Amino acid sequence: MIQTAAVQVRPVTADEFFQIPDDGLRRELVDGEVRVMSPAGHAHGDIAMQVGWRLAAHVTTHGPGKVYAAETGFRIASNPDTVLAPDASFVRLERVRPVEGTEGLFPGAPDLAVEVVSPRDSIADVEDRVSRWLGAGCHVVVVVNPRNRFTWIYRAGTEPVRLTENDVLDVSDVLPGWTLPLREVFA
């Protein structure tokens, strides 16, 4: 929040949020409030990279869109503004083209958001993020939990699907041809 008077506090806008100097801290903007996040642990980073590079390799070969790294902010709500950054994400090419060559936050949710649960995340935190992504138009949210080696697939209007490390993640409805044996992620 930005202090505008001795007693008044107003929400931070996405444009103001984007202008915060890079000091190495990871931040998100939730309902106009800047939230500083602790760095992820090594297990979290490893899992995010395992999923991310496989996602990027598929998209690089088949070219149906763009894969974005964890630092990418997606503006998913306005008045008050919300900007979230998943651990990995995919956006279809027809949605990328209109913003190519521009700076700033991506307008809208990715088509696929991957969230890796960190040790400090509560169930309520994870559910809130999933709800925000789906509510903003994300087609699929994949939540990977390194602690119990479960992966959950969320789609709007359907029950979540739980996978184990012995299963294969299949989100080919959003990203044609991409599947991921989860054993590779947890190896």
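No lab work stands behind these numbers, since they all come straight from the coordinates. Computed from a predicted structure; not experimentally measured. Don't worry about glycine lacking a Cβ; one is built from the backbone with ideal geometry, like all the others, and counts go over all protein chains shown.
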Practice task
Counting only GluC sites (Glu not before Pro) that are in a DSSP loop and have at most 14 other C-beta atoms within 10 Å, tell me the longest site-free stretch of the chain.
Solution key: 104-187
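Specify the longest stretch of the chain that does not include any exposed loop site, a site being one of the trypsin sites (Lys or Arg not before Pro) with a non-H, G, I, E, B DSSP assignment and at most 14 other Cβ atoms within 10 Å.
Longest run free of exposed loop sites: 1-119.
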Problem - Theoretical ellipticity at 222 nm over the chain - DSSP helices of four or more residues, -39500 (n - 2.57) apiece, nearest 500 - result: -7500 deg cm²/dmol
Completion exercise
Long-range amide H partners of A77, meaning residues 5 or more apart or on another chain whose placed amide H is closer than 5 Å, are T82
Exercise for the section: Give a residue-ordered list of calculated ³J(HN,Hα) values for the range 150-155 (Karplus: 6.51 cos²θ - 1.76 cosθ + 1.60, θ = phi - 60°; whole Hz; x for Gly, Pro). Expected result: 9, 10, 10, 10, 10, 9
Completion exercise
Note on the range 64-139: contact order normalised by length, alpha-carbon pairs under 8 Å, 6 or more apart, percent, works out to 32
Handout entry: Calculated from backbone phi, Karplus (6.51, -1.76, 1.60) coupling profile of the range 163-176 in Hz, x at Gly/Pro
Key = 10, 9, 5, 8, 9, 10, 6, 10, 10, 5, 5, 9, 10, x
Handout entry: For the range 61-67, Karplus couplings with θ = phi - 60° (6.51, -1.76, 1.60), whole Hz, Gly/Pro x
Key = 6, 9, x, x, x, 10, 9
Problem - Whole-number percent relative contact order across the chain, with pairs defined as alpha carbons under 8 Å at least 6 apart - result: 16
